[in-house]
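Following: one structure in structure tokens, then a few remarks.
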């Protein structure tokens, strides 16, 4: 007779997280493949195009797809459990956000981050939240004259604080759509807290992540 094997709640939670990570990786891989296929199709079409106007237009489309693909790569999940340079990660993410979301606007994006090391899983989740907040601000906070978005990453006493602020016109808090659900879900998985403040001079969103982030200041 076979023996019954007990599975603890922690084991089930770990298995579920691993399954979810595998699913996310597969989805992102397929998205990258679709981007590559689109770029290849545009390249072939451009080579057959006769008019200069058509070639230029197709080139613009290709640049847009390249920018979106770069952002998708920046948001890819890193290998789980590794300690990585969070400052470098967010620098790459912000550069990709500028190309994909802000290149055609007058909105400036600035990153302020000291030397911080974060576990890769935590860094990826915080990055997803930052990308959603920057995208939301770029769409709703500014007019044709543009403005500024500031991303700040600090750590104090084992608590990571990620702040996204803008100097645009007041815009409504995130509604209960996919964006807010994403932020709430990621915040819950980090066992963190998320707050927003809206004022006449702009808005500020702050994510706090506690000691479970295993964060620390980088040492030289």
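Structure notes:
- Condition broken by residue 129, with the remaining ones in (1) buried (at least 20 other Cβ atoms within 10 Å of the Cβ); (2) over 16 Å from the mean Cα position of the chain (by Cα) satisfied: (2)
- Filtering segment 156-165 to residues that are modelled with pLDDT under 95 and over 13 Å from residue 192 (Cβ atoms) leaves 156, 157.
- Filtered residue count, segment 48-62, keeping only those that are free of Cβ contacts under 8 Å to residues at least 12 places away in the same chain, assigned to a helix (DSSP H, G or I) and touching a helix residue (DSSP H, G or I) at 6+ places or on another chain (Cβ under 9 Å): 2
- Exactly one residue out of 194, 142, 198 is farther than 16 Å from residue 93 by Cα, free of Cβ contacts under 8 Å to residues at least 40 places away in the same chain and either buried (at least 20 other Cβ atoms within 10 Å of the Cβ) or not assigned by TED's automatic domain parsing to the domain that holds residue 89 (or both), and it is 142.
- Residue within segment 101-114 that is surrounded by fewer than 18 Cβ atoms within 10 Å (Cβ to Cβ), more than 14 Å from residue 153 (Cα to Cα) and within 14 Å of the chain's Cα centre (by Cα) present: no
- Subset of segment 63-102 (residues that are under 14 Å from residue 128 (Cα atoms) and not in a helix (DSSP H, G or I)): 75, 76, 77, 78
- The residue of segment 76-91 that is nearest to residue 123 (Cα to Cα), among those that are surrounded by fewer than 17 Cβ atoms within 10 Å (Cβ to Cβ) and within 13 Å of the chain's Cα centre (by Cα), is 78.
- Subset tally (residues that are without any contact (Cβ under 8 Å) to a residue 24 or more places away in the chain and more than 12 Å from residue 110 (Cα to Cα)) for segment 70-91: 1
- Considering (1) crowded, with 17+ Cβ neighbours inside 10 Å; (2) free of Cβ contacts under 8 Å to residues at least 40 places away in the same chain, the lone condition that residue 41 does not fulfil carries the number (1).
The values are calculated or read from the model by the stated rules, or taken from the named source; none is laboratory data. Note that the structure is a prediction, hence the values are computed from the model and not measured. All Cβ positions, even for glycine, are placed from backbone atoms using ideal geometry, and neighbour counts span all protein chains on display.
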